[in-house]
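Here's the structure we're looking at; comments come further down.
Throughout, read-outs are computed from the coordinates displayed, never taken from laboratory work. Because the structure is predicted, anything quoted here is derived from the model rather than measured. Glycine gets a Cβ as well: all are built from the backbone with ideal geometry, and neighbour counts include every protein chain shown.
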Amino acid sequence: MTIAPQAAAYRPDPQIAKIADRLAVPVSAADFPNTILRFRNRRWDGAVGLDGLSDEQWVRHFGRFEPLPDNLPQPLALRYHGHQFRHYNPDIGDGRGFLFAQLRDGSTEYPGGRLLDLGTKGSGQTPYSRFGDGRLTLKGGVREILATEMLEALGVETSKTFSLIETGEALQRNDEPSPTRSAVLVRMSHGHIRIGTFQRLATLDEPETMRDLIDYTLVNLFGQQPGNAAAGQLLDLACRRTARLAASYMAAGFVHGVLNSDNINVTGESFDYGPWRFNPNWNPAFTAAYFDQQGLYAFGRQAHAIHWDVVQLAKSLRLVAEAEELAPALDMWPQLYEGEVAAALCRRLGIAPRGEQPDLALIQSMDVALQKSEVSIDRFFFDWRGGKRRAASPADPLYDGDDFAPFREAIGAYEGVVSLDHPYWSDAEPCAMLIDEVEAIWSEIDRDDDWSRLHAKVEAIRRMGEALRS
């Protein structure tokens with residue numbers, strides 16, 4: 001499950017500086033014509049000791065990028081390669097973002113707290129911008145707030161939208177109405193080390209840097225000391241975390257849209273939201289990106305896509321390790337995913353797992369029934385929370401037909417292990433985040449500069465998260 005924010009003092013810890021000369025280049029932020037604070041994550045700013053900043057100070061750091069005390073003196077654009085829709089691209093890197101700061105949170109799950117990155121999106125051009133303007137549309141920033149808030153509430157390990165500041169530029173985009181408003185976003189992530197970071201070092205044949213990166217990742221992102229087989233140790237951890245990531249997407253009904261190897265964090269934390277969608281129904285073929293015409297990253301193929309990316313990590317680690325060291329971790333990925341998806345779906349249903357065979361039978365019966373029905377994913381999990389059907393009047397028999405009979409029989413053997421006392425469970429409808437609502441929220445901002453619906457939705461999502469954690 002996701003780690004909840006815990007209050008902490010500000011503790012800067014720019015560990016990346018030790019290897020930054022081989023993984024990044026110093027850059028500067030764009031000089032924006034305006035900086036209007038639109039969103040500040042009050043749920044998480046206290047977890048890294050920044051809740052005491054005034055809004056004016058906040059804007060100076062996260063709109064003008066004045067360095068935080070004792071942190072990175074200058075932003076760093078990270079270098080990486082990656083497979084983009086299965087085509088290898090060595091000409092990428094942080095093209096409209098950079099790493100701005102590193103600091104520790106108050107998490108007790110990690111000794112000394114987790115090392116978190118504050119990275120940007122839309123902060124200006126870098127050496128890797130190619131033909132891009134290095135900017136972010138305000139709509140893109142609003143969409144990322146909604147994606148990260150919803151995923152966090154549903155228990156997905158995700159980056160957090162930490163800040164969104166409107167920047168006063170009119171942007172031209174070919175795939176949406178233009179000119180459109182601009183913004184700079186700051187995300188808080190448990191590292192920005194991607195599979196593509198390792199791919200770059202393998203392609204450039206840099207074994208010494210590869211070993212240093214492995215050590216950095218194990219120590220700072222996993223809290224482990226490197227052993228004699230450090231590459232295998234890292235791959236094992238990455239396999240476990242990415243299997244959990246793929247499973248959590250399924251339980252959330254979420255489609256990332258672009259699961260390229262440069263978009264997969266080795267910590268298994270979801271990040272970098274472009275054409276995301278929540279699946280309205282349990283449709284394995286549902287895609288989020290209009291340009292994914294082959295359905296490579298469709299809802300039902302996400303686990304395969306993430307596994308494929310992890311295979312590329314293993315191939316990259318061959319630069320410093322023998323296949324025998326890496327094979328055991330890679331071979332166990334499908335089994336890990338199978339167990340994680342059963343556990344994730346049981347968590348969302350609010351029931352205690354009963355073991356591999358009954359859990360898989362339950363999930364299979366659920367999968368078959370949902371594919372045949374018209375019930376929405378959010379409605380289904382809302383109704384069956386705790387293993388009990390709580391909705392559907394006789395005039396609306398969502399679950400009484402033959403399609404749901406195997407599921408009804410299977411779930412009857414499960415024990416509910418959650419409280420339904422939270423007022424959320426008495427609501428008429430579940431909290432959802434489908435594309436029509438996303439567009440409606442944006443329309444009110446774009447047309448009337450009315451942010452009330454966005455802020456109300458964030459509060460509703462967080463309320464749902466409280467109910468799911470109770």
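Numbers for the structure displayed
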read-out: Cα point-scatterer Debye curve for the stretch 354-417, base-10 log of I(q)/I(0) at q = 0.25 Å⁻¹; value: -1.22
read-out: Alpha-carbon centroid distance for the pair the stretch 66-131 / the stretch 200-260, whole angstrom; value: 16 Å
read-out: Range in the chain, longest, excluding exposed GluC sites (Glu not before Pro) [loop by DSSP; at most 13 other beta-carbon atoms within 10 Å]; value: 110-321
read-out: Total charge dipole magnitude, the stretch 354-417, about the Cα centre, Cβ charges on Lys, Arg, Asp, Glu only, Debye to nearest 20; value: 240 debye
read-out: Computed magnitude of the charge dipole of the stretch 208-342 (debye, nearest 20; Cβ of K, R +1, Cβ of D, E -1); value: 420 debye
read-out: Loop-located chymotrypsin sites (Phe, Trp or Tyr not before Pro) in the stretch 268-304 whose Cβ has at most 16 other Cβ within 10 Å (DSSP); value: TYR290, PHE291
read-out: For LEU468, net neighbour charge (Lys/Arg +1, Asp/Glu -1) across residues whose Cβ lies under 9 Å away; value: +3
read-out: Helical segments meeting 30 Å axial Cα length and Kyte-Doolittle -0.5 threshold in the chain (DSSP H); value: 230-252
read-out: Length added when fully stretched, HIS422-ASP205, from 0.36 nm per residue minus Cα-Cα; value: 72.6 nm
read-out: Considering only the chain, percent of DSSP beta bridges that pair antiparallel, nearest 5; value: 95 percent
read-out: Size of charge dipole - the chain - debye, nearest 20, with Cβ of Lys, Arg +1 and Asp, Glu -1, no other charges; value: 340 debye
read-out: Two-decimal log10 I(q)/I(0) for the stretch 208-342, as the Debye equation yields it once each C-alpha is a single scatterer, q = 0.09, 0.13, 0.16 Å⁻¹; value: -0.27, -0.55, -0.80
read-out: ASP450/GLN225 FRET efficiency (R0 60 Å; Cβ-Cβ; nearest 0.05); value: 0.70
read-out: Residues ARG463 and GLN172, FRET efficiency given R0 of 35 Å [Cβ-Cβ distance, rounded to 0.05]; value: 0.35
read-out: Largest-first ellipsoid semi-axes for the stretch 285-392, taking √(5λ) over the Cα gyration tensor eigenvalues, angstrom; value: 33, 20, 10
read-out: Positive minus negative residues near GLY112 (Lys, Arg vs Asp, Glu; Cβ under 12 Å); value: 0
read-out: Cut-off 13 Å between beta-carbons: net charge of the residues surrounding GLU208, Lys and Arg +1, Asp and Glu -1; value: -3
read-out: Positive-end residue, the chain charge dipole about Cα centroid, Cβ charges, pick of PHE39, PHE100, ALA456; value: PHE100
